[in-house]
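The values are calculated or read from the model by the stated rules, or taken from the named source; none is laboratory data. Note that the structure is a prediction, hence the values are computed from the model and not measured. Neighbour counts run over all protein chains shown; Cβ positions are idealised from the backbone, glycine included.
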Amino acid sequence: MAHQDDIALMAHLMRRAGFGAGRDELEARVAKGYEATVEELLHREAQPPVDAYTLLRYQPASLLPGGQPPMGNLNWMYYLVNTKRPLEEKTALFWHHVFATGNSKVDNYDQLLEQIEIFRQRGLGSYRDLLLEMAKNPTMIFWLDNNQNHGKAVNENWGRELLELFSLGAGNYTEKDVRESSRAFTGWTFETKIPRAPYGRFPWKFEYRPEDHDDGEKEFLGHKGRFNGEDIINIIVQQPACARFICRHLYNFFVADEAQVPAWPIEQPRDPKAIDTLAGTFKDSNFDMTATLRVLFNSDFFKNARFQHMKSPAEVVVGTLRLVGGHELPRPGYGELSMNTAYMGQDLLNPPSVEGWHTGKEWINSGSLMARVNFCAEKIGDPALPGVRAIINRLKAKGTLSPDQLVDGCLDLLGPVEIGADTRKELAAQATAWGQTSWDNDSNAKLADLHTSQMLQLIVATREYQFA
Amino acid sequence: MPATEKDPVVVVLQLTGGNDYLNTVIPYNNPLYRDGRAAVGIPDNQIMHLDKDYGIPHYMAPLKQFWDEDKLAILHGVGYPNSPRSHFRSMDIWHTCEPEKVGTEGWLGRVAREFDPNKENVVTTVNFGPCLPRSLVVQDVPVACVAGALEKYGFLPTIQGEQRLQVLNRFSQMYQPALGTGPVMDYLGTTGLDSLKGEDILKVAPLKYSSTVTYPNTSIARKLKGIAQVHFADLGSRIFYCDHGTFDTHAGQNPGHGNLWSAVTEGLDAFMKDLREHNHADNVIVLMFSEFGRRVQDNGSGTDHGAGGVAFVLGEKVKGGHYGEMPSLKPEHLVQGDLNPNMDFRSVYSTILDKWLKVNPAPIVNGTFEQPAFLN
């Protein structure tokens, strides 16, 4: 049997690099080893992709959902719940946080889902290539008005956010750089066609219009030339600020909660040495995300950051659904199920603005906290679900449980979850009120199922459980 | 500041999806209405005349009595400049009063903070529906968010019976502040305890309630009934929020639009009867709005996203009538085929804030706006 410390560490890795794992999977991964598991997660192509045909069969409307929720949400939720490439999907979510693009303006989930597919395919490759891909992504172009950025009438929306939110961070460029960057991207637009109503829309396609491009000389971050958009990106990625900015994003998403992005120019990173390490690898590997994440997951600063990160609503919902099982098929009702992240304050594919979501503590308000707790409790409290059954069966195999054993067993199999002494005291008091837990005859077994399910519900309702 | 029984209360009923203004308040003499609405126009024999110019469709019949009693204000041509015609962005503008940039604070969240700066009453604002609308969201301003039935409101609704009290007591203990656990744990603790307190307060409302009024069996009527129950319980709630939809009638507008409005107006009818029966009507107004109106020219079976729309304010103390004017339907006056808004939505808010809720509108709605005089 695997050592408890190894299980706890593996559970941490899987929560962060994916959306958690049940105990059987954790044991199998511990048997393979930590570094081997990191490699397996990074080499996503070794695992099969999600079966889109099942989605098509059950929810045909979610393939090209148009502008209306919840079909777009449903589509991504199906991938998140079913993926055998957890890091691929987690990285797609990471880039969605950074390159936050929303249906509020795009009004087209077809295009937003295509953007997510780009994150799946390229999100673990070169950041420079991904940035260039985003500059040519029609969804992004429309979101940030680059189709309104003309040689003779510059629109700075994309040119500015490229620097402020997607690469360097505020304070690392001048207003003149914004202007020059915007000029370099004039003529980068996309083809539009009249929708083939009522049969949905044509996909949008990037188009470069040289006649609308300002080909004059530009001066950008100390470089001079007749730069086009790609030249701008090549200059950006060489800036030390770029590596630090992207790596701080990685740290905030994968390691531990940072201050909100707008505060980064004034607040030091939580762990400046960790940012140095990541930024060094990022630069030396030519901006390779796989190389950078390999260093991140194998680092001590990562391994020591257990429960230093408030779960995002996507992590809450997907992590719960994967743990309890039984939600693999996109049956009727899956649309409503997929809206639960929105009820907790994270409407996937529709972030509140280009700044993306504020994370950490800011996920919590009185509405969202109750939504989180109740969603988890409802699922984990249902002994008919296979993942919950598996937890009960493991406890059952230990024989009759004392109150302390029930508490410890549930805490262990839900994580292991680490909780404070005061919280543990309350859980133990509740278990003591119930007495021993035993499955030795039918009526005891019924009660044991009930008490286990209620203990699991109390644990997911704790403050500690809101962290990953 | 604990509220008293007679403090003014506002109920917001959001018509989500973009309600079709022209089929809601019908300019039945205007030939341009008929021209534009060949497919989805309301036939003359199904229009209830409000006066010589306007009528409402028969499926909104319950509103007619409020109009006749002079208790229904119709706010014409409501909108904002450069209407984006996107549901979500438009709704955001209504919620945050920021048409130019992305706002972070909801207008009603700001009002709640004015009412109760020290968070003495965690049910100052009660939302009915699973999703907290952005209009209510301001960091650290509590909102009771009733996702389903009011009777089931609270943490861990699957644990019922004799266990419930015990388990919730554990929950409360687990969320108590503890030394040295840090600001985030403290914040989680306060938020959890606020919500738990809200549950304790709200759960008496359905128990105290009895009425001869029967509400229709629709989701909006259930929400309105919940609002009535909380209001009658005198818990100091000042802001109620609910929504109904989707009014996004691109296709099948008839009978879709009719079903939606029947549910809303029959629900409101029961709600107002209930308020009057309990002698709790005088301090309530209901604001109904939608994020935008719909295109003048129909598309063969429905209508597409438009700009200028209509809002309603209903209540005993409301001065009924038309406010503002319906924007011109003449093709040369339309903006991309849509009615050009001629009343800023923040005007409507400003009247409610100034004349009803007695708070200074300017910092709430981010500016000073003309106030249509539908309240004294």
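Answer yes or no: is there a residue in region B:303-310 that is surrounded by 23 or more Cβ atoms within 10 Å (Cβ to Cβ) and free of Cβ contacts under 8 Å to residues at least 60 places away in the same chain.
Within region B:303-310 (the criterion being surrounded by 23 or more Cβ atoms within 10 Å (Cβ to Cβ) and free of Cβ contacts under 8 Å to residues at least 60 places away in the same chain), the answer is no, since none of the residues qualifies.
Output the helices (runs of 4 or more DSSP H) that fall wholly within region B:153-221 and possess 3 or more residues being surrounded by 17 or more Cβ atoms within 10 Å (Cβ to Cβ) and within 10 Å of chain A (Cβ to nearest Cβ), or say none.
B:162-174, B:183-202
If I ask for residues that are more than 37 Å from the chain's Cα centre (by Cα) and among the acidic types (Asp, Glu), which ones from region A:213-242 would you list?
Within region A:213-242, A:214, A:215, A:217 meet the criteria.
Starting from residues that are at the interface with chain A (Cβ under 9 Å from one of its Cβ atoms) and small (Gly, Ala, Ser), keep the ones in region B:117-152 and report whichever is surrounded by the most Cβ atoms within 10 Å (Cβ to Cβ).
B:144
Go through region A:332-347 and give me each residue that's more than 9 Å from chain B (Cβ to nearest Cβ) and either without any contact (Cβ under 8 Å) to a residue 60 or more places away in the chain or assigned to a loop (DSSP other than H, G, I, E, B) (or both).
A:332, A:333, A:344, A:346
Tell me, yes or no, whether region B:319-340 has at least one residue that is more than 20 Å from residue B:36 (Cβ to Cβ), surrounded by fewer than 20 Cβ atoms within 10 Å (Cβ to Cβ) and of a type outside the set (Gly, Ala, Ser).
Within region B:319-340, one or more residues are more than 20 Å from residue B:36 (Cβ to Cβ), surrounded by fewer than 20 Cβ atoms within 10 Å (Cβ to Cβ) and of a type outside the set (Gly, Ala, Ser).
Would you confirm whether or not region A:181-195 contains a residue that is surrounded by fewer than 20 Cβ atoms within 10 Å (Cβ to Cβ) and among the charged types (D, E, K, R)?
yes
Considering each of B:274, B:269, B:282, B:243 in turn, give the residue that is assigned to a loop (DSSP other than H, G, I, E, B) and charged (D, E, K, R).
Going through B:274, B:269, B:282, B:243 in turn, the sole match is B:282.
Restricted to region A:24-34, and to residues that are surrounded by 15 or more Cβ atoms within 10 Å (Cβ to Cβ) and over 22 Å from the mean Cα position of the chain (by Cα), which residue is farthest from residue A:298 (Cα to Cα)?
By that ranking, first place goes to A:27.
Okay, residues lined up against (1) more than 14 Å from chain B (Cβ to nearest Cβ); (2) in contact with an Asp or Glu (Cβ under 8 Å, 6 or more places away or on another chain); (3) modelled with pLDDT under 95:
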position: A:56; (1), (2), (3): yes, no, yes
position: A:64; (1), (2), (3): yes, yes, yes
position: A:70; (1), (2), (3): no, yes, yes
position: A:79; (1), (2), (3): yes, yes, no
position: A:84; (1), (2), (3): yes, no, no
position: A:90; (1), (2), (3): yes, no, no
position: A:95; (1), (2), (3): yes, no, no
position: A:98; (1), (2), (3): yes, no, no
position: A:101; (1), (2), (3): no, no, no
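For residue A:297, are the conditions met, namely being buried (at least 20 other Cβ atoms within 10 Å of the Cβ), at negative phi, more than 14 Å from chain B (Cβ to nearest Cβ) and part of a helix (DSSP H, G or I)?
Criteria met by residue A:297.
Taking helices (runs of 4 or more DSSP H) that do not extend beyond region A:355-468, which have at least 2 residues that are within 12 Å of another protein chain (Cβ to nearest Cβ) and surrounded by fewer than 21 Cβ atoms within 10 Å (Cβ to Cβ)?
The helices (runs of 4 or more DSSP H) meeting that bar are A:421-434, A:442-460.
Is one or more of the residues making up region A:183-202 modelled with pLDDT of 95 or more, farther than 26 Å from residue A:114 by Cα and in the same structural domain as residue A:155 (by TED's automatic domain parsing)?
Checking region A:183-202: at least one residue is modelled with pLDDT of 95 or more, farther than 26 Å from residue A:114 by Cα and in the same structural domain as residue A:155 (by TED's automatic domain parsing).
Quick one: what pairs do we get from region A:442-458, first residue farther than 16 Å from residue A:410 by Cα, second modelled with pLDDT of 95 or more, C-beta under 7 Å, 6+ apart or different chains?
A:444/A:438; A:445/A:439
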